[in-house]
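**Q** Below you will find the structure I want to go over with you.
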Amino acid sequence: MTDRYASAGVSLATGEEAKRRIAELVRATRTPLARGAVGGFGGMVRVPEGYRKPLLVMSTDGVGSKVLVAAAAGIHDTVGEDLVNHSVNDILVHGATPLFFLDYIAMGTLDPKRVEEIVRGLARGCREVGCALIGGETAEMPGIYAGEDYDLAGAIVGLAEESAWIDGSTIAPGDVLLGLPSTGLHTNGYSLARKILFETLHLRVKDRLPWGAPVGQELLKPHRYYGPAVAVARAAFGRRRRTLSAAPGLDPG
């Protein structure tokens, strides 16, 4: 059976090595709510106590063509962190607290070291926001992805009290609008940024921008998590139901 997989371009041994490399990273994200062993067919968490009528708030996303910049720069640990923070910010918009995260990594040729780097970033992001990385999928698909190409996606599940969830329906003239500084493009607009920088200006990832930063370093700045800033704003301006939240972003890739 192993030989048949290998003849199709899929290495079972490489897959096992990738799992071994990331197991400890995943364990480091476990919270008191996490249950079950790492590497099972399904991840499990308990619903925390204290909610009267909890709502599950879910979102799924990717990092778009930012993975192409990561590949060109040879830096793969930040896109995992980007994915977690992007996803958590999406449910933060609705007032949800992150509960757990699942990832999906697909490669043309499975590279255990690269998988480890990506998951290192995923784990770092999960620890920062306080949610468990409870599982995921790593797929080797030489017929879909060429060579070292890969894609990265994830899904977040969080909780919000039904009496306090946010949908923006009560926003009205006279409300205060707060702007929070970004650390960069985050995971949005990379198709346009790559076209301008690499195709129009003919820059390379190691070339320096006018302020001195390398192009790759600037484009790979991690996606910021806005939870602490939003918490401060909500405490300062009150908790008016369905009003105060972060602004959802567009994902042009």
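The values are calculated or read from the model by the stated rules, or taken from the named source; none is laboratory data. Predicted, not measured: the structure shown is a model, and the values here were computed from it. In this analysis, Cβ positions are derived from the backbone assuming ideal geometry, glycine residues included, and neighbour counts consider all displayed protein chains. Note: areas computed on protein heavy atoms with side chains; ligands, DNA, RNA excluded. Shrake-Rupley method; radii C 1.70, N 1.55, O 1.52, S 1.80 Å.
**Q** Looking at this structure, is Gly130 surrounded by 18 or more Cβ atoms within 10 Å (Cβ to Cβ) and closer than 30 Å to Arg20 by Cβ?
**A** no
**Q** Return the residue satisfying two criteria in turn: it lies in the stretch 182-234 and is of a type in the set (Phe, Trp, Tyr) and farther than 21 Å from Thr97 by Cα, and of such residues it is least open to solvent (accessible area, probe 1.4 Å).
**A** Filtering the stretch 182-234 for residues that are of a type in the set (Phe, Trp, Tyr) and farther than 21 Å from Thr97 by Cα, the one least open to solvent (accessible area, probe 1.4 Å) comes out as Tyr190.
**Q** Continuing with this model, one more query. Can you tell me which residue among Gly39, Gly50, Gly15, Gly43 is at pLDDT 80 or above and among the small types (Gly, Ala, Ser)?
**A** Answer to the check: Gly50.
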